[in-house]
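Written out below as structure tokens is the structure these notes cover.
We did not get these values from a lab; they are worked out from the coordinates using the rules stated. Since we're looking at a predicted model, the values are computed, not measured. Cβ sites come from the backbone with ideal geometry, for glycine too, and all protein chains shown count toward neighbours.
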Amino acid sequence: MTSRHKNSKRIEGLDKNVWVAFTSVAADPSIVNLGQGFPDIPPPSYVKEALAEASSVDRMNQYTRGFGHPSLVKALSQVYGKVCGRQIDPFKEILVTVGGYGSLFSTMQGLVDEGDEVIIIEPFFDCYVPMVRMAGGKPVLIPLRLKSGNKTGTSADWFLDPEELSSKFNSKTKAIIINTPNNPIGKIFSRDELQMIADLCIKHDTLCFSDEVYEWLIYRGHQHVKIATLPGMWDRTITIGSAGKTFSVTGWKLGWSVGPEHLIKHLQTVMQNTMHSCPTPLQEAVAHGFQRNLELMGQPECYFSSLPEELELKRDRMAAILQEAGMTPFIPEGGYFMLVDVTSLNQDLSHMEEDEAYDYKFVKWMIKEKKLAAIPVTAFVGEESKKHFEKYIRLCFIKQDSTLDAAEAILKNWRKV
Amino acid sequence: MSRRIHARRTEGIDKNVWVEFTQLAADYKAVNLGQGFPDFSPPKFVQEAFCDAVNGGAQMHQYTRAFGHPRLVQSLATFFSRVTGHEIDPLEDVLVTVGAYQALFCAFQALIDEGDEVIIVEPFFDCYQTMVKMVGGKEVYVPLRPKVEGSLSSADWTLSAEELASKFTPRTKAIVINTPNNPLGKVYKTEELQMIADLCIKHDVLCISDEVYEWLTYDGNKHVKIASLPGMWERTITIGSGGKTFSATGWKVGWVISSGHIIKHMKTIFQNCVYHCPTAAQEAVARAFEREYELFGSPESYFQQLPAMLHHRRGKLASCLQSVGLQPIMPEGGYFMIVDISSVKVDFNDDSTKDESYDYRFVKWLTKEKGLATIPVSAFYSPEHAKEFDKYIRFCFVKEEATLDAAEQILRKWRQGK
């Protein structure tokens with residue numbers, strides 16, 4: 001094959017991907033998979049029923065409006081209008097995309113240009129960096145740091161240093177990406193922390209891309225705050241949501257971007273030149289899911305309340321068994337992942353020869369020896385921060401009881417050879 | 001923000017004929033022979049396949065394999081290996097995308113660099129142009145032209161061998177062809193594809209072959225896959241569509257079949273773009289292909305039944321147009337028909353469109369005043385050639401009989417001066 005058939009420059013160096021590496025390893029059914037973030041609990045039945053019903057309507061099997069199926073964008077504008085306390089135009093201020101992932105992509109392609117700097121907080125969902133680079137932008141990383149005194153043993157122990165953050169902003173900074181609740185740590189950025197970020201955005205006239213796909217998974221005692229609702233922020237923020245995470249249907253791949261018209265229109269331009277439209281019956285079914293829960297919002301029957309209630313029990317159970325096994329979990333304030341420090345296990349991995357960070361080796365060893373899969377956290381940080389994060393692994397706990405039982409059995413027997 | 005907010009790659013690609021004209025058809029509640037989608041349902045076995053998938057267990061609603069649901073890539077590889085006579089590896093040679101639209105996007109993004117030339121045969125599906133622009137490529141156009149003036153079949157529209165050859169330069173990275181062609185309906189013959197293949201091999205150029213209408217050929221015309229010509233497998237990107245194949249455009253399941261060394265670059269784009277496609281729809285398309293594999297060539301095959309039904313609709317639309325004095329160009333394939341409107345005299349009486357091309361004005365007038373939606377054909381031409389082809393409009397005939405009847409009524413009334 002000739003060299004003329006090589007890849008375009010925009011994907012140079014972007015071919016590696018942690019998921020492609022680890023999901024195939026964990027596909028072995030004998031392995032208890034707490035790695036990739038997807039539920040093995042069923043979605044609410046009314047959502048599946050809505051999908052089956054939608055596909056029986058002729059028109060629902062054909063193209064719908066490119067920027068989002070009308071019933072869905074209307075439902076989203078009602079839900080988010082209520083949550084944000086503002087009128088949201090369903091046609092101009094919302095774009096439906098192929099998953100939260102697709103919203104991130106449309107946002108980067110629409111708003112990040114060659115030479116633009118984009119601040120990314122570590123640890124970050126791994127696609128942020130390659131997407132910024134693919135758009136010609138320059139990722140500028142800043143780590144969450146573990147506070148030294150007064151630890152709570154929760155995700156709240158991780159914080160952004162204000163001076164360090166401020167130093168990352170300059171005239172080339174186009175945007176900052178935040179993810180709250182955060183994957184993998186589960187940290188929920190407090191109002192004060194978001195205000196600090198907002199102040200810098202306003203001072204430096206930068207955009208904010210806020211990945212809020214886990215927005216409904218908030219545990220007791222905590223509150224999800226939307227940075228777009230802070231003064232001066234609506235006009236410069238794109239907020240991203242996900243049907244997959246909201247309704248436990250990751251395989252539906254529907255997400256959305258919400259923001260001011262003058263930003264959303266560029267995402268819409270990207271959409272009309274990349275995918276053109278999202279699947280119709282799926283959008284119709286998600287619209288039903290939202291319509292039903294909109295009425296129930298704030299009540300215990302609302303899925304946005306019942307799911308986190310269910311998950312909080314699993315969270316606490318998971319944390320307890322990890323502690324029993326001698327690991328140190330950080331109990332997450334939100335989301336469905338848990339960061340776990342494995343330092344105290346003192347697991348000797350010197351026999352593993354690959355030149356990889358400790359957590360990669362640990363996870364591979366754990367999959368092989370213990371038949372338990374997790375994700376190494378250095379997959380979510382840049383080169384320089386790897387040494388600060390290589391004793392952490394990420395576990396997903398949105399799993400049915402039998403999966404957690406199996407994990408418990410493994411962890412109880414951990415110390416036995 | 002005081003400085004430019006948007007990325008420059010979005011410049012010049014913000015207008016979109018579909019967004020504009022589907023909105024117009026909806027606003028005027030027009031009889032819609034514009035955008036290309038069936039107004040009848042997918043066949044029963046396809047709808048059942050989807051229902052079965054939806055009710056098929058928890059894993060149907062969670063992430064599947066990123067580059068394509070295993071059952072689907074397997075069924076595509078099996079099906080198309082038999083059709084092409086080439087052994088297709090399901091994991092290496094196939095990528096599933098969100099519609100053929102995204103397959104095109106991944107191809108351009110993965111393979112075209114700033115400054116690379118891409119030859120586009122006109123008339124072309126409009127996104128080829130905007131996608132090439134978005135990657136900073138340079139569009140080089142070569143038109144299909146009617147061999148004989150006033151010719152009434154898509155078969156008579158051909159590429160001039162010299163003109164085509166002259167478009168290849170050392171900077172040419174790829175050529176894009178679409179067979180059966182949208183909007184014209186041309187089905188490229190083996191000799192025509194061979195001519196293109198010879199140039200691709202001579203100049204070491206890639207071929208992006210959009211074959212979404214591959215099952216819709218009429219009058220004994222056979223769809224030929226350029227990838228199956230000697231020397232072409234390793235340089236051809238063949239694109240297919242579940243939506244067009246199974247009359248379920250709203251499912252947005254498409255695919256690319258190509259040599260692994262090309263697919264791998266498209267996978268890199270894909271994993272940084274959407275990363276997965278929806279699971280249930282892929283499962284349904286897989287089941288549909290498994291059924292068609294068994295029934296291939298038999299009368300129960302949807303790939304026999306759909307073209308047979310559309311052949312009839314094609315005839316119906318053509319005679320209805322002819323009966324009101326309009327001249328359609330009979331398509332050999334696909335589900336569109338272009339119609340020459342140069343003999344029609346209309347007073348548009350619409351200042352809002354006065355700076356637009358003739359066919360745009362005509363289509364808008366026909367939608368607003370007569371309630372019949374179509375698509376202007378110059379949307380499928382480059383700026384340099386649009387003026388030559390602004391007296392054609394495109395009709396879509398993948399519609400219920402009742403829709404075509406309603407269109408017929410409108411046309412009769414109009415031409416009878418009412």
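Percent relative contact order of region A:112-231, based on C-alpha pairs within less than 8 angstrom and at least six residues apart?
On the way: 184 pairs, mean separation 30.0, N = 120.
So the answer I get is 25 percent.
Using the empirical formula 2.2 N^0.38 Å as the baseline, the Cα radius of gyration of region A:183-339 reaches a ratio of 1.17.
About its Cα centre, region B:12-97 has a charge dipole of approximately 180 debye under the convention of +1 per Lys or Arg Cβ and -1 per Asp or Glu Cβ, with nothing else charged. Computed log10 I(q)/I(0) for region A:247-286 at 0.15, 0.19, 0.21, 0.25 Å⁻¹: -0.44, -0.68, -0.79, -0.95, from the Debye equation with unit scatterers placed on every C-alpha and solvent omitted.
In square nanometres, what is one fourth of the surface area of the convex hull spanned by the alpha carbons of chain B?
On the way: hull surface 86.5 nm².
Averaged projected hull area, Cα only: 21.6 nm².
For region B:115-260, the square roots of the Cα gyration tensor eigenvalues, ordered a ≥ b ≥ c, give a/c below 1.5, which places it in the rounded category. For a Förster distance of 25 Å, can you work out the FRET efficiency between the beta-carbons of B:His311 and B:Arg412, rounded to the nearest 0.05? That pair, B:His311 with B:Arg412, gives E of 0.60. Just how far, in whole angstrom, is region B:81-158 from region A:37-66 if you go by their alpha carbon centroids? Cα centres, region A:37-66 to region B:81-158: 32 Å.
Give, rounded to the nearest 20 debye, the magnitude of the charge dipole that the protein assembly as shown has about its Cα centre when Lys and Arg contribute +1 at Cβ and Asp and Glu contribute -1 at Cβ. It would help to have the intermediate numbers written out before the result.
On the way: 92 positive and 103 negative charges, 118 e Å.
Dipole size: approximately 560 debye.
For region B:110-170, the share of DSSP beta bridges that are antiparallel, to the nearest 5, is 25%.
Of the trypsin sites (Lys or Arg not before Pro) in region B:350-413, which ones lie in a loop per DSSP and count no more than 16 other C-beta atoms within 10 Å?
Passing sites in region B:350-413 are B:Lys354.
Label-to-label distance for B:Ser166 and A:Gln223 is 7.2 nm, based on points extended 7 Å past Cα in the beta-carbon direction.
Shape verdict for chain A, please, from the Cα gyration tensor: rounded (a/c under 1.5), prolate (a/b greater than b/c) or oblate. Verdict is rounded for chain A.
Could you tell me the calculated FRET efficiency between A:Arg86 and A:Ser306, based on Cβ-Cβ distance and R0 = 25 angstrom, to the nearest 0.05? Intermediate values should be presented prior to the final figure.
Working: r = 27 Å, r/R0 = 1.07.
That pair, A:Arg86 with A:Ser306, gives E of 0.40.
Against the empirical curve 2.2 N^0.38 Å, the C-alpha radius of gyration of the protein assembly as shown lands at a ratio of 0.97. With the simple spin-label model, which puts each label point 7 Å out from Cα in the Cβ direction, the A:Ser171 to A:Phe159 separation comes to 3.3 nm.
Taking the Cβ-Cβ separation of A:Ala27 and A:Leu146 as r and a Förster radius of 35 Å, what is the calculated FRET efficiency to the nearest 0.05? Taking R0 as 35 Å, the efficiency between A:Ala27 and A:Leu146 is 0.60. Taking every DSSP bridge with both residues inside the protein assembly as shown, close to 50 percent are antiparallel.
For region B:312-318, backbone phi angles converted through the Karplus equation (6.51, -1.76, 1.60; θ = phi - 60°) give residue-by-residue couplings of 5, 5, 4, x, 4, 5, 4 Hz, Gly and Pro being listed as x. Projecting label points 7 angstrom from Cα along Cα→Cβ for B:Val83 and A:Asp58 puts them 2.7 nm apart.
Using C-alpha pairs below 8 Å separated by at least 6 residues, the relative contact order for chain B is 23 percent.
Evaluate the relative contact order of region A:210-294 (contact order divided by residue number), counting alpha-carbon pairs under 8 angstrom at least 6 apart; express in whole percent.
23 percent
Projecting the Cα atoms of A:Trp256, A:Pro43, A:Ile197 onto the charge dipole of chain A (Cβ charges, centred on the Cα centre) puts A:Trp256 farthest toward the positive pole. For a paramagnetic label modelled on B:Phe45 (point 7 Å from Cα along Cα→Cβ), amide N atoms under 20 Å away belong, within region B:60-95, to B:71-84. Each of B:Ala100, B:Leu111, B:Thr78 was placed along the dipole of region B:20-167 (beta-carbon charges, centred on the mean Cα), and the one lying farthest toward the positive end is B:Thr78. Mind counting lysine pairs for me in region B:218-351? Cα separation below 26 Å, and the two need to be 8 or more apart along the chain or on different chains. Count of close lysine pairs: 14.
Pairs over the 24 Å Cα-Cα cut-off, from the set A:Lys187/A:Lys371; A:Lys314/A:Lys412; A:Lys147/A:Lys371; B:Lys186/B:Lys387; A:Lys172/A:Lys203: A:Lys187/A:Lys371; A:Lys147/A:Lys371.
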